[in-house]
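Enquirer: Got a structure for you, written out below as structure tokens; questions coming shortly.
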Amino acid sequence: MSTVTDSKFTGTPRKVTPHITQNEALSFEKSSPGKKAYKLPPLDVPEVDPAALLGEAAREDLGTLPELSEIEIIRHFTRLSTWNYAIDLGMYPLGSCTMKYNPRVNEFVSRIEGIAEAHPYQPESLSQGALQVMETLQNCLIEITGMDAITLQPAAGAHGEFTGMLLIRAWHESKGNARKHVIVPDSAHGTNPATAAVCGYEVINLKSNADGGIDVEALAQLVNEDTAALMLTNPSTIGVFENQVHKIADILHARGALLYMDGANMNALVGKTRPGDFGADVMHLNLHKTFSTPHGGGGPGSGPVACKKILEPFLPTPVVARNAECQLYLEFNRPHSVGRVRMFYGNYGMFVRALAYILANGPDGLRQTTEDAVLNANYLRAKLEDLYDLPYKTPSMHEVVFSDKRQTKNGVKTGDLAKRLIDYGFHPYTTSFPLIVPGALMIEPTESESREELDLFIDTMRQIAREADENPELILNAPHSTRISRLDETTAARKPILRWKSPTAE
Ligand SMILES: *Cc1c(COP(=O)(O)O)cnc(C)c1O
């Protein structure tokens, strides 16, 4: 058992109990022959040969399934759930991911019967409420982004990028020339160049300037009649606001190119400034980041795409519209549309949650959220910059990016420091990203964290910096408190074992 201690720290240190005992680790396999979690009444109809009923679909061999009692199953899954880490357990400072709290009011609203049980095949006349949820959310997001039109269909940020770039491509094609390339800064999220390539564009890499921003002169040299768009993340992945963005938009527009904004970092901007006002033509939002819907394994994502009037005709079908009687309906007759990008209308349950979040906060609450997120990141920066190298001194927005430069002299790298955080009861920050910062520690606390939790994190990071100096071995072998310490991360990502297999099956 380890505790965080620091003479300057006045809060209560978080004790970390090793997540499981050796005994539990050994006893994952709980099946034993003959156990059942059900009891059926005796058969009171004639027995039928399954093959007669199901034909070829009938299985002769049911395979080997685990045999357990009901309580053993419940305990197994409940125990597994406690081996995980979640925002509901503590700070989750994974930079660029905006792992904010998912307010319970969102869950409450999404479970209201009429909402939870609505079916996409219900007639429009019986779906007016559901359509109104979509329309209201669309209007809120249009207001927040300063755009003119929107689709809620895309299922994630990367899917939103794909949809947005399809709009750009369709717009260029409508003018007779799809153009050849898309410019992507070297600080971009990896999904940006991937999206441009999937949409059939050559990717031209743009080197960042000394502040980590766009080199406007270099951009002006690059943009020509073959440029379809620039994909810009603002604030950038080093948490810096691109203060030349107006000029960047002008350079592109003067040559008939468009500005795509990756809006995944909108948690730094909501209620303060609007991409539509600073020149973006199309952008995506991550409801599962900025608008507090569950993230990662917690739920499906949602990546709405907002655009300016010129791109509206190309939006995916269907769009939510109102007829002459002011009834809501889904409009499919859109001859210039890029087509459907998602079955039905998108991840509807997430629209409900995001709208609940927006309405619960209101305009002032959303602005406060942004201010708190930026304040929290800058508080961490101010309290840690004497111990961790800060490669870019430009003011931070919602996240701060340090590097492991000072710790590497003892052989300790960003990934090692992150592993040690696990021992102190925190989820690691984002390691080794963005690529323009070698050995990056990318930390995004979000507005969800209290001063107390931030202080505990600061204290822990300071303790880890001391350990890196005095006892690097401790960090190089971390984590010490988990059932598995260091994995082969490439194999874990590429060939994950996600399925239970009977130990007796070959
Ligand atoms: C998270 C993120 C994305 C991708 O969003 P997904 O929902 O994970 O597909 C794209 N760009 C940036 C800057 C991001 O932070």
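Every number in this text was worked out from the coordinates using simple rules, so none of it is lab data. If you're wondering where the values come from, they're calculated on a predicted model, not measured in any experiment. Reconstructed Cβ throughout: ideal geometry from the backbone, glycine too, with neighbour counts over all protein chains shown.
Enquirer: Each residue of region 169-186 in turn: what ³J(HN,Hα) in whole Hz from Karplus with 6.51, -1.76, 1.60 and θ = phi - 60°, glycine and Pro shown as x?
Expert: Values per residue, Gly and Pro as x: 4, 4, 5, 4, 4, 5, 9, x, 7, 5, 6, 10, 9, 10, 8, 10, x, 5 Hz.
Enquirer: Short version: what are the Cα gyration tensor semi-axes of region 105-359, square root of 5 times each eigenvalue, largest first, in whole Å? It would help to have the intermediate numbers written out before the result.
Expert: On the way: eigenvalues 204, 83, 43 Å².
Calculated on Cα positions only, the semi-axes equal 32, 20, 15 Å.
Enquirer: Right, here's the next one. Using θ = phi - 60° and the Karplus curve 6.51 cos²θ - 1.76 cosθ + 1.60, what whole-Hz ³J(HN,Hα) does each residue of region 354-366 get, with Gly and Pro shown as x?
Expert: With coefficients 6.51, -1.76 and 1.60, one gets 5, 5, 4, 4, 5, 6, 5, 7, x, x, 5, x, 5 Hz.
Enquirer: Taking the simple approach of a point 7 Å from Cα along Cα-to-Cβ for both K393 and M343, what is their distance in nm?
Expert: Label-label distance for K393 and M343, simple model: 5.5 nm.
Enquirer: Modelled label-to-label distance, A254 and H76, 7 Å Cα→beta-carbon offset: nm?
Expert: 6.7 nm
Enquirer: Within 10 Å of each candidate Cβ there may be at most 10 other Cβ atoms; applying that plus a DSSP loop requirement, which trypsin sites (Lys or Arg not before Pro) in region 398-504 survive?
Expert: R499, K501
Enquirer: Can you divide the C-alpha Rg of the chain by 2.2 N^0.38 Å and report the result to two decimal places?
Expert: Rg over 2.2 N^0.38 Å, computed on Cα atoms: 1.10.
Enquirer: Counting other Cβ atoms within 10 Å, which GluC sites (Glu not before Pro) in region 123-228 have at most 14 and lie in a DSSP loop?
Expert: Qualifying residues, ordered by number: E225.
Enquirer: Exactly which chymotrypsin sites (Phe, Trp or Tyr not before Pro) in region 100-133 are in a DSSP loop and have at most 16 other Cβ atoms within 10 Å?
Expert: Y101, Y121
Enquirer: Cross-chain or 8 or more residues apart, Cα under 21 Å: how many lysine pairs in region 364-485 fit that? Count them up, please.
Expert: 8
Enquirer: For region 230-246, take each phi angle, set θ = phi - 60°, evaluate the Karplus expression 6.51 cos²θ - 1.76 cosθ + 1.60, and give the result in whole Hz per residue in order, putting x for glycine and proline.
Expert: 10, 9, 10, 9, 9, x, 5, 5, 9, x, 10, 6, 7, 7, 9, 4, 4
Enquirer: To the nearest 500 deg cm²/dmol, what mean residue ellipticity at 222 nm is calculated for the chain from DSSP H runs of n ≥ 4 alone, each contributing -39,500 (n - 2.57), summed and divided by the residues?
Expert: Counting only the DSSP helices, I get -10500 deg cm²/dmol.
Enquirer: Oh, and also: Sticking with the crude label model, points 7 Å out along Cα→Cβ, report the distance from N323 to E135 in nm, one decimal please.
Expert: 1.3 nm
Enquirer: Compactness ratio of region 34-109: Cα Rg over 2.2 N^0.38 Å, N = residue count?
Expert: 1.93
Enquirer: Relative to the present Cα-Cα distance, how much length would full extension add between R486 and Y85 at 0.36 nm per residue of separation?
Expert: Stretched fully, the R486-Y85 segment lengthens by 142.7 nm.
Enquirer: Something else now. Using alpha carbons only, what's the Rg to Rh ratio of region 99-163 with Rh from Kirkwood?
Expert: 1.00
Enquirer: K30: which aspartates and glutamates have alpha carbons under 18 Å from its alpha carbon, excluding same-chain residues fewer than 8 sequence positions away?
Expert: Excluding near neighbours in sequence, the set is E67, E70, E72.
Enquirer: Here is a further query. Take region 364-485, compute every pairwise Cα distance, and split them into 10 Å bins from 0; I just need the percent in each bin.
Expert: 14, 45, 32, 8, 1
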